[in-house]
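The values are calculated or read from the model by the stated rules, or taken from the named source; none is laboratory data. Given the structure is predicted, the values throughout are model-derived calculations rather than measurements. Quick reminder, even Gly has a Cβ in these numbers, built from the backbone with ideal geometry, and neighbours come from all protein chains shown. Only protein heavy atoms, including side chains, enter the accessible area calculation; ligands, DNA and RNA are left aside. Shrake-Rupley method; radii C 1.70, N 1.55, O 1.52, S 1.80 Å.
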Amino acid sequence: MIKSNEITVGYWSTKGLGSVCRQMVIYANIPLKAKIYKLEAILNNGETIYDGSSWHEENKTELKKSNSLINLPYIELLDLNGDNFIISQSNACLMYLAREFNMLGQNEIEVSQCEQLLFETVDLRNIITSFAYTHYENTNKENLAAKDVLNRAFDNNNSGKMQKFEHWIQNHKHANTNFLVNNISVADFNLFDVLDFYIEFLKHYEFLNNSNDEDLFSELGYPHIGSFYVKFKQLPQMQKYFNSILYQLPYTNKSANFGSGIKGNSWDPNTQKDETPEEIIIK
Ligand SMILES: N[C@@H](CCC(=O)N[C@@H](CS)C(=O)NCC(=O)O)C(=O)O
């Protein structure tokens, strides 16, 4: 149980695997301290090298004394005994927050549904993340790989990933909410965050011309996902997040080919400077 009056979420200056932890803390109306580590992209004789020492050589060594599994993201808080408690592994962080904030279903069946849905959203994220961090020999190969991601995620047959959520939402319509189970759960946050990432992908690779984010999923044949996305974005408790600098951060880190720079492009060390503050407090 949490005693702290704030929760720290440590992660890189990106959304990545840290964003959903940040969102859940904000939604729960607990003050958030987002500790930001920067991967520096340094130009060296025409090549870009990456320096993560702000994490690896500073805080990581210190935090490892409390939790030898330490990694990014991590969450840090005071437990009921007033002891410092540090958790890493993104899914363990998400499950902890979900249990604390009552965002993991109301009974055994819903808990199991939330777990399945969460891990399904993790699979959906893994497809786009592994693509984003792969560097291709040329644009042709990159576009072919992007088409493959599109197919794996959006194919409207039993192997496509999105149709699973489309049918889930269709089959589990709840009277007053648009959540995946009766009440908001960790799976809703992860699904929203991954959908947001896919929107950047669809636009960047010009798989759609519609510039209206709200209609993209319907246009691809997924109206229930489209409605889920729109309603999640309108949640009053989420507005603090959407209006914060945290929502402006890139999806991937600077070493990624996709999603680390502006509008899905790669990070450009010649023209871009990472000015994200080292600490972002959201009360
Ligand atoms: N399975 C782990 C993967 C963690 C991971 O690979 N973290 C990356 C960022 S996404 C990192 O840079 N970790 C810092 C480190 O290795 O110390 C999780 O889900 O948390």
Residue among Leu69, Leu208, Phe101 farthest towards the positive dipole end of the chain, charges placed on Cβ: Phe101
Stretchable slack from His167 to Glu219, in nm (0.36 nm times residue separation minus alpha-carbon distance): 17.1 nm
Under the span-like rule (Cα at least 20 Å along the axis, Kyte-Doolittle mean at least 0.0), DSSP H helices of the chain: 108-132, 186-204
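With charges set only on the Cβ (+1 for Lys and Arg, -1 for Asp and Glu), what does the dipole of the range 1-113 come to about its Cα centre, in debye to the nearest 20?
Value, rounded to 20: 120 debye.
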DSSP-defined antiparallel bridges as percent of all bridges, the chain, nearest 5: 75
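Within the range 1-60, which chymotrypsin sites (Phe, Trp or Tyr not before Pro) sit in a loop by DSSP and count at most 12 neighbouring Cβ atoms inside 10 Å? Walk me through the intermediate numbers first.
Numbers: sites: Tyr11, Trp12, Tyr27, Tyr37, Tyr50, Trp55; in loops: none.
Of the chymotrypsin sites (Phe, Trp or Tyr not before Pro), not one in the loops of the range 1-60 has a Cβ with at most 12 other Cβ atoms within 10 Å.
Give me the percent relative contact order of the chain, please, defined on Cα pairs under 8 angstrom at least 6 residues apart. Please list the in-between numbers first.
Working: 423 pairs, mean separation 71.3, N = 283.
Contact order relative to length: 25 percent.
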In nm, spacing of pseudo-spin labels at Val111 and Ser244 (7 Å Cα→C-beta vector): 2.9
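Evaluate E = 1/(1 + (r/R0)^6) for Asn183 and His56, where r is the Cβ-Cβ distance and R0 equals 51 Å; express this FRET efficiency to the nearest 0.05. The partial results should precede the final answer.
Working: r = 39 Å, r/R0 = 0.77.
After rounding to 0.05, the efficiency reads 0.85.
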Phi to ³J(HN,Hα) by Karplus 6.51 cos²θ - 1.76 cosθ + 1.60 over the range 5-18, Hz, x for Gly, Pro: 9, 8, 10, 8, 10, x, 6, 5, 7, 9, 7, x, 8, x
Calculated FRET value between Asn156 and Asn29, using beta carbons and R₀ = 41 Å, to 0.05: 0.60
Magnitude of the charge dipole, the chain, Cβ model with Lys/Arg +1 and Asp/Glu -1, debye to 20: 320
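Which residues make up the longest stretch of the chain that has no GluC sites (Glu not before Pro) in a DSSP loop with at most 11 other Cβ atoms within 10 Å? Spell out each step's value before the answer.
Details: sites that count: Glu137, Glu206, Glu275, Glu278.
Longest stretch, sites excluded: 1-136.
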Prolate/oblate/rounded call for the chain, Cα gyration tensor, a/c under 1.5 rounded: oblate
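Beyond 18 Å between alpha-carbons counts as too far, so tell me which of Lys65/Lys254; Lys15/Lys233; Lys35/Lys283; Lys35/Lys60 fall in that bin.
Working: Lys65/Lys254 28 Å; Lys15/Lys233 16 Å; Lys35/Lys283 14 Å; Lys35/Lys60 12 Å.
Table pairs above 18 Å Cα-Cα are Lys65/Lys254.
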Inter-site label distance for Glu47 and Lys233 at 7 Å from Cα along Cβ, in nm: 4.1
Theoretical FRET efficiency, 1/(1+(r/R0)^6), r = Cβ-Cβ of Ser66 and Phe119, R0 30 Å, to 0.05: 0.65
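With every protein chain present, what is the per residue accessible area of the range 108-241 (1.4 Å probe, Å²)?
Details: 6280 Å² over 134 residues.
I get 47 Å² per residue for the range 108-241.
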Estimated distance in nm for a label pair at Glu275 and Glu206, the labels positioned 7 Å out from Cα along Cα-to-Cβ: 3.1
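Let me know the charge dipole size of the range 108-241 about its Cα centre in debye, to the nearest 20, where only the beta-carbon of Lys, Arg (+1) and Asp, Glu (-1) is charged. Each step should come with its number before you reach the end.
On the way: 11 positive and 19 negative charges, 20 e Å.
So the magnitude is around 100 debye.
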Percent accessible area from carbon and sulfur atoms, the chain, protein chains only, probe 1.4 Å: 46
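In what sequence, largest accessible area first, do Thr252, Thr271 appear using a 1.4 Å probe? Write out the running numbers ahead of the final one.
On the way: Thr252 5, Thr271 105 Å².
Accessible-area ranking of Thr252, Thr271, largest first: Thr271, Thr252.
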Cα gyration tensor shape for the range 190-283, rounded if a/c is under 1.5, else prolate or oblate: oblate
